[in-house]
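The values are calculated or read from the model by the stated rules, or taken from the named source; none is laboratory data. Small disclaimer: the values here were computed from a predicted structure and weren't measured. Positions of Cβ are generated from backbone atoms using ideal geometry, with glycine treated the same way; all protein chains shown enter the neighbour counts.
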Protein chains: 2
Amino acid sequence: MVAPIDKLVDACRQMSSLASVRGFLLWDQEAMMPAKGVEGRARSMAALARIVHQQQSDPAYGDLLETCAAASDLSPENAAIVRELKYDRERSVKVPEALVVELSETSTRSEHAWAEAKAANAPEDFLPWLGKMVALRRREAEYLGFADSPYDSLLEDYESGLRAAPLRTLFADLRRELVPLLGEILEKRPPEEDAMSGLRFPVAGQLEFVKKVAGDMGLDMAAARIDPIKAHGIMVALHPQDIRITMLFKEDHLPTGLLGTMHEAGHGLYEQGLPVRYWGTPLAEAASVAIHESQSRLYENQIGRSRAFWEHYYPILVSFFPEQLGTVKQEAFLASLNRVRPSLIRTEADEVTYNLHIILRFEIETALFNGGMKVGDIESAWNAGMKDLLGLVPAKPSEGFLQDIHWSAGQMGYFPAYSLGNLRAAQFLGAARRDLPEMEMDIGRGNLLPLKAWLNDKVHRHGRRYSGEEIMARATGEKTSPQPFLAYLRAKYL
Amino acid sequence: MVAPIDKLVDACRQMSSLASVRGFLLWDQEAMMPAKGVEGRARSMAALARIVHQQQSDPAYGDLLETCAAASDLSPENAAIVRELKYDRERSVKVPEALVVELSETSTRSEHAWAEAKAANAPEDFLPWLGKMVALRRREAEYLGFADSPYDSLLEDYESGLRAAPLRTLFADLRRELVPLLGEILEKRPPEEDAMSGLRFPVAGQLEFVKKVAGDMGLDMAAARIDPIKAHGIMVALHPQDIRITMLFKEDHLPTGLLGTMHEAGHGLYEQGLPVRYWGTPLAEAASVAIHESQSRLYENQIGRSRAFWEHYYPILVSFFPEQLGTVKQEAFLASLNRVRPSLIRTEADEVTYNLHIILRFEIETALFNGGMKVGDIESAWNAGMKDLLGLVPAKPSEGFLQDIHWSAGQMGYFPAYSLGNLRAAQFLGAARRDLPEMEMDIGRGNLLPLKAWLNDKVHRHGRRYSGEEIMARATGEKTSPQPFLAYLRAKYL
């Protein structure tokens, strides 16, 4: 006779298996799929979404959950599993199957339309799709319900409990300090030359180097792969033992692939650090997207742009590219990795300006969902916002409001997770430094494993046992706050 | 109000979407998955297999099928859809869900064990898995039922109606003529030199050339992709508009990637030639694996090794590889593509000896399923059979009974489809030549599209509307027979 909790775990593993396949197809769609494959892909994705929704909605599954929830002898781990599965089911059953299927099918086609419109700089071909995605996610928000505003229901996808109002305050605080800080940095620091300008780095060598770095970070490369592709970087975890990273390597811009891979490998470490014995349950799922982004941004910026890291790795990088870097001094290389200046593209922005890109997107998203903004108004709002925040206006939509894939896929509410990730990364690293007095020296010797072990222990291994803010509190003793991040920027750039 | 037939089509499209995802994961597993990914993959594959089986077994789906079958106003197309779906369901429901799941999970792990055992030449690590797979497929055969012998139930997977007894007669006929023919060829033809021996062909150039050839064959490259990988070649159709070909390109052996890609592109043409408006129904599925293999072997051998084809393509190939081939005469190149000699590896065998490799596998498979052979006896039976048929004995298992992936995946009964493919390819090409008197000249001018249009019309567009033998009869006026193939060999090699 199988215990109810074991039946429950089996059922949620079924759903997780199918959900992980959906993630895989999404990765494939962005990285590999031939152009005409979109029709079949839209159907396969929708079929999987429907099945997962049906399994979530199955009354027998609901009864099983209630039986487990009523049991008095649940271990703390099983209690957390039941709590999180109930949360998932309650959200899932609120949305009708037809809407789930329509959202899935439309987002596949919309992403495809976005890629074509971006390539052709033809926003008019994409706006109808964007309009559909906004309308569908609005309808979904109505079904899901919200306390203050529809945008709250979107934020919930990226971290349970995240709300627009406190986020607005946080972003206002951040902006109030960031804008003058940027001005001060631009004024006080001499404009760095780009020591890598004009150099070309063959992709094969870049790939070999970043695989070494990812391995040194602690990513188990027998349970991961990194492939160069033409689209943007992405990490997909099919399983803690099957991590897929794709990365855009630019021959004429080394930081893209270098820092990009460290970013994705940071995500990969989180997935590999989830407890494999709980695979398929919420205890082996990341606490939130926003916590996930703290891991990736931590490695991309706090480590990947740091002096200590390059102390050890710059000579190795030079040995990979002796012709290109043989005459470039370590200081000059480090300065070019840390150039600060307003720019148009979020993913290539420096640490100081990056969050301003996010604030712009947050303003537009909240106006779309809580205010009366129409999709036709986005481009002018974007361009005005860029002028206001960074003093730049995009010359074409592909460098403006068409630059990111997220909206096409209906992922409104995602962007704030990147900024939260930046803030929390500074907090995590501060706490790690307190716990590991040798950390800086270890990194300078190329020993990245103590940091990984700390993150494994403080963040990764808990899965969804704790909320994002609970993980922050347990690991750092702090709430999420912009101050440690701002202090980090001041110390580094002034 | 939705008509029952439309509900039925919707239901089978759901299942097809999920089944196509399973094919995709299988491709990924062989081509891309990191070594440790096998655990998660086994679960995802099993979860999908279970879902498809549950959908097939759903009584409501059965009722819907019966309602449709009872309708008097079905179009011939819809009647064929209902007939084939009933066939699929009847086979599916005979096998218990637990066995479906166990077969899926075990085959994922078994394939992995095979790959490792082959690499290490350690058959003892694989034999327990092979024993499990044979036992599981035997149990499945008991559930499915069979007229004469359990092996019949396996053959049914590769072509409906295929049976061991007539196949045994056909193979005996083939062998009776093939063995002396091989002797005669070896005796009469001077041993060709390999004009390409010692030459090295960079993979990038090979890939570019085969993409051109595949495009010229009529493969829509906006709905297909070809990737070089380290494992063997494979074609997976996610949808008629999303064809994935992977290919092993060897720098020191051009024919592997060249003929291999033409083989897979032949499969791809079949999939792209299925009627997209019926996507997800049996009318947009290949008639059988054995018909599929006729399309691939046709392009690999009858076209890819032919004088007419290279009349046009050899100068182009030389332009891709001027250093390597600038001094190699077309005749010498053609001769090296058509060298006949006994060899150990099936996939690298010439047209004359290839079917002897299949006969060996057929003998062993029937002995395993219908006779009393144990998996521990396979290696000695293999080595004795190779000696008997081809006069060679493998020096190591990786060149012997461990060379093919099929058994590890439980695909016993697949191999005969390759030989049927060879025989039928000769028959199809004979019929095409009668219908298209200009075909040979067209091919000599690089115009491969009339042949593709003929195959589209005679084979591809019918999907599963007709059985394998019905397609043969309609396209060629013949039953499957070894004589046209033998006549082709005689004309070409003597």
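Can you tell me which residues in the range A:355-405 are more than 19 Å from A:Ser343 (Cβ to Cβ) and in a loop (DSSP other than H, G, I, E, B)? Once the filter is applied, which keeps residues that are more than 19 Å from A:Ser343 (Cβ to Cβ) and in a loop (DSSP other than H, G, I, E, B), the range A:355-405 yields A:Asn370, A:Gly371, A:Gly372, A:Met373, A:Lys374. Only a single item in (1) of a type outside the set (D, E, K, R); (2) over 27 Å from B:Ala432 (Cβ atoms); (3) within 14 Å of chain A (Cβ to nearest Cβ) is not met by B:Pro191, and it is number (3).
Considering (1) out of contact with any Leu (no Cβ under 8 Å at 6 or more places or on another chain); (2) under 22 Å from A:Asp227 (Cα atoms); (3) surrounded by 18 or more Cβ atoms within 10 Å (Cβ to Cβ), the lone condition that A:Ala35 does not fulfil carries the number (3). List the number of the failed condition for B:Ala69; all other conditions in (1) at pLDDT 95 or above; (2) surrounded by 16 or more Cβ atoms within 10 Å (Cβ to Cβ); (3) in a helix (DSSP H, G or I) hold. Only one criterion is unmet by B:Ala69, namely (2). Filtering the range A:37-65 to residues that are hydrophobic (A, V, I, L, M, F, W, C), facing chain B (nearest Cβ under 9 Å) and in contact (Cβ under 8 Å) with a residue 60 or more places away in the chain leaves A:Val38, A:Met45, A:Ala46. Of all residues in the range B:346-393, those satisfying the criterion of being of a type in the set (Val, Ile, Thr) and at pLDDT 95 or above are B:Val352, B:Thr353, B:Ile358, B:Ile359, B:Ile364, B:Thr366, B:Val375, B:Ile378, B:Val393. Residues in the range B:213-223 that are more than 8 Å from chain A (Cβ to nearest Cβ) and either of a type in the set (D, E, K, R) or surrounded by 22 or more Cβ atoms within 10 Å (Cβ to Cβ) (or both): 4 in all. The residues on offer are A:Gly304, A:Gly326, and the sole one that is of a type outside the set (A, V, I, L, M, F, W, C) and farther than 18 Å from A:Gly260 by Cβ is A:Gly326. Against the definition (polar (S, T, N, Q) and within 14 Å of chain A (Cβ to nearest Cβ)), how does B:Thr281 come out, yes or no? When the stated conditions are applied, B:Thr281 passes them. Within the range A:75-107, the set of residues being in contact (Cβ under 8 Å) with a residue 24 or more places away in the chain and under 18 Å from A:Ala42 (Cα atoms) comprises A:Glu97, A:Leu99, A:Val100, A:Val101, A:Glu102, A:Leu103, A:Ser104, A:Glu105, A:Thr106, A:Ser107. Among the residues of the range A:144-171, those that are more than 22 Å from A:Pro282 (Cβ to Cβ) and either touching a strand residue (DSSP E or B) at 6+ places or on another chain (Cβ under 6 Å) or assigned to a helix (DSSP H, G or I) (or both) comprise A:Pro150, A:Tyr151, A:Ala164, A:Ala165, A:Pro166, A:Leu167, A:Arg168, A:Thr169, A:Leu170, A:Phe171.
Restricting to the range B:157-167, what's the tally of residues that are in contact (Cβ under 8 Å) with a residue 24 or more places away in the chain and exposed (fewer than 15 other Cβ atoms within 10 Å of the Cβ)?
So the first thing to find is which residues in the range B:157-167 are in contact (Cβ under 8 Å) with a residue 24 or more places away in the chain, and the list is B:157-162, B:164, B:167.
Next, only the ones that are exposed (fewer than 15 other Cβ atoms within 10 Å of the Cβ) stay: B:161.
Qualifying residue count for the region: 1.
The requirement of being closer than 21 Å to B:Val289 by Cα, buried (at least 19 other Cβ atoms within 10 Å of the Cβ) and of a type outside the set (A, V, I, L, M) is fulfilled somewhere in the range B:426-444, by at least one residue. Scanning the range A:295-326 for residues that are among the charged types (D, E, K, R) and more than 25 Å from A:Gly198 (Cα to Cα) yields one hit, A:Arg297.
Quick one: which of B:Arg137, B:Arg89, B:Arg109 is in the same structural domain as B:Glu39 (by TED's automatic domain parsing), closer than 25 Å to B:Gly23 by Cα and out of contact with any Gly (no Cβ under 9 Å at 6 or more places or on another chain)? First the steps, then the outcome.
Numbers: B:Arg137 fails: out of contact with any Gly (no Cβ under 9 Å at 6 or more places or on another chain); B:Arg89 fails: out of contact with any Gly (no Cβ under 9 Å at 6 or more places or on another chain).
Checking each option against the conditions leaves just B:Arg109.
In the list B:Arg361, B:Arg307, B:Arg339, B:Arg277, which residue meets the criterion of being among the basic types (Lys, Arg) and within 22 Å of the chain's Cα centre (by Cα)?
B:Arg361
Residues of the range A:205-241 that are in a strand (DSSP E or B) and farther than 17 Å from A:Leu259 by Cβ: A:Ala224, A:Arg225, A:Asp227, A:Val236, A:Ala237, A:Leu238, A:His239. Counting only helices (runs of 4 or more DSSP H) that fall entirely inside the range A:244-345 and contain at least 2 residues that are among the hydrophobic types (A, V, I, L, M, F, W, C), the qualifying elements are A:254-272, A:289-297, A:307-320, A:330-337. The residues in the range B:224-245 that are crowded, with 22+ Cβ neighbours inside 10 Å, in contact with a strand residue (DSSP E or B) (Cβ under 6 Å, 6 or more places away or on another chain) and within 11 Å of another protein chain (Cβ to nearest Cβ) can be counted, and the count is 6. Here the condition is being of a type in the set (Lys, Arg) and in a helix (DSSP H, G or I); of A:Arg139, A:Arg200, it holds for A:Arg139 alone. Considering the conditions (1) modelled with pLDDT of 95 or more; (2) under 20 Å from A:Tyr158 (Cα atoms); (3) touching a strand residue (DSSP E or B) at 6+ places or on another chain (Cβ under 7 Å), A:Thr261 is excluded by exactly one of them, (2).
Residue-by-condition table, conditions (1) touching a residue at least 40 places away in the same chain (Cβ under 8 Å); (2) within 24 Å of A:Glu156 (Cα to Cα); (3) within 14 Å of chain B (Cβ to nearest Cβ); (4) in a helix (DSSP H, G or I):
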residue: A:Cys12; (1), (2), (3), (4): yes, yes, yes, yes
residue: A:Ser17; (1), (2), (3), (4): yes, yes, yes, yes
residue: A:Asp73; (1), (2), (3), (4): no, no, no, no
residue: A:Arg109; (1), (2), (3), (4): yes, no, yes, yes
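Of the residues making up the range B:172-197, those that are part of a loop (DSSP other than H, G, I, E, B) and loosely packed, with under 13 Cβ neighbours inside 10 Å are B:Pro190, B:Pro191, B:Glu193, B:Ser197. The single condition among (1) touching a Phe, Trp or Tyr at 6+ places or on another chain (Cβ under 6 Å); (2) surrounded by fewer than 23 Cβ atoms within 10 Å (Cβ to Cβ) that B:Ser319 does not meet is (1). Residues in the range B:454-466 that are in contact (Cβ under 8 Å) with a residue 60 or more places away in the chain and surrounded by fewer than 17 Cβ atoms within 10 Å (Cβ to Cβ): B:Arg461 only. Looking at the structure I just gave you, is A:Ala473 in contact (Cβ under 8 Å) with a residue 40 or more places away in the chain and closer than 19 Å to A:Ala290 by Cα? Judged against the criteria, A:Ala473 is not a match. Right, A:Val95: more than 21 Å from A:Pro275 (Cβ to Cβ), crowded, with 19+ Cβ neighbours inside 10 Å and within 14 Å of chain B (Cβ to nearest Cβ) or not? Considered against the rule, which asks whether it is more than 21 Å from A:Pro275 (Cβ to Cβ), crowded, with 19+ Cβ neighbours inside 10 Å and within 14 Å of chain B (Cβ to nearest Cβ), A:Val95 comes out as no. Residue by residue through the range B:19-36, note down the ones that are touching a helix residue (DSSP H, G or I) at 6+ places or on another chain (Cβ under 7 Å), within 8 Å of chain A (Cβ to nearest Cβ), in a helix (DSSP H, G or I) and not hydrophobic (A, V, I, L, M, F, W, C). Residues satisfying the conditions are B:Ser20, B:Lys36.
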